[in-house]
1. Hey, does the range 112-131 have a residue that's among the β-branched types (Val, Ile, Thr) and over 26 Å from residue 22 (Cβ atoms)?
2. Please verify whether residue 112 is in contact with a Leu (Cβ under 7 Å, 6 or more places away or on another chain), surrounded by 13 or more Cβ atoms within 10 Å (Cβ to Cβ) and modelled with pLDDT of 90 or more, treating the condition exactly as stated.
3. Against the conditions (1) under 18 Å from the mean Cα position of the chain (by Cα); (2) without any contact (Cβ under 8 Å) to a residue 12 or more places away in the chain; (3) over 24 Å from residue 17 (Cβ atoms), where does residue 51 fall short? Just the number, please.
4. Of all residues in the range 89-109, count the ones that are in a helix (DSSP H, G or I) and surrounded by fewer than 15 Cβ atoms within 10 Å (Cβ to Cβ).
5. On the given criteria, is residue 141 closer than 21 Å to residue 51 by Cβ and either open to solvent by 50 Å² or more (accessible area, probe 1.4 Å) or within 12 Å of the chain's Cα centre (by Cα) (or both)?
Amino acid sequence: MSKYYKYIWIAFLFILLALVRWFENELFYDPYLLFFQNDYLYIDSPRQEVFKLVVFTSLRFLINTTLSLLILYLFFKDKSVVKFAMLVYIISFIILIVFYLYFVLDPKQENYYLFFNIRRFLIQPLLLLLLLPAFYYNRLIN
């Protein structure tokens, strides 16, 4: 694949990531979208269907992870990078979803900020923003 097509595919995948974010209200059940747009430190946690919330949050994480792994593969053309990144994503998901469930099931106002950040790692491709420069730096020094 030429560099031209490689960069077009990478740009297309980033656009897909942006579209997931753009259409989040239509695609995913998440009562916390509106909650965290308001002054959430001073209001009560919204009512939610826990199972449905966890399923849709997991689905969004899976979509973002798949697109992110494709971006990493196209960028580096190295399966070992993708395997390591997949391991990071799996471990991150397990740890984050446990904390996410804790905060969903036991909401306390003093924990909203921490919950907001854990939720952010689950629903946004922040790990890609960490892994892409890390793998690039690793490639430069080796």
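The values are calculated or read from the model by the stated rules, or taken from the named source; none is laboratory data. The shown structure was predicted, so the numbers you read here are calculated from the model rather than taken from an experiment. Here the Cβ is made from the backbone with ideal geometry for all residues, glycine too, and neighbour counts use every protein chain on show. Side chains are part of the model used for accessible areas, which takes the heavy atoms of the whole protein and leaves out ligands, DNA and RNA. Shrake-Rupley method; radii C 1.70, N 1.55, O 1.52, S 1.80 Å.
1. If we filter the range 112-131 for residues that are among the β-branched types (Val, Ile, Thr), which is where we start, we get 118, 123.
Within this subset, residues satisfying the condition of being over 26 Å from residue 22 (Cβ atoms) are none.
The answer is no; no qualifying residue exists.
2. Working: in contact with a Leu (Cβ under 7 Å, 6 or more places away or on another chain): yes; surrounded by 13 or more Cβ atoms within 10 Å (Cβ to Cβ): yes; modelled with pLDDT of 90 or more: no.
No.
3. It fails just one condition, (1).
4. Step one: of the range 89-109, the residues in a helix (DSSP H, G or I) are 89-105, 109.
Filter once more, so that each one left must be surrounded by fewer than 15 Cβ atoms within 10 Å (Cβ to Cβ): 90-91, 94-95, 98, 101-102, 105, 109.
Total meeting the criteria: 9.
5. Working: closer than 21 Å to residue 51 by Cβ: no; either open to solvent by 50 Å² or more (accessible area, probe 1.4 Å) or within 12 Å of the chain's Cα centre (by Cα) (or both): yes.
Considered against the rule, which asks whether it is closer than 21 Å to residue 51 by Cβ and either open to solvent by 50 Å² or more (accessible area, probe 1.4 Å) or within 12 Å of the chain's Cα centre (by Cα) (or both), residue 141 comes out as no.
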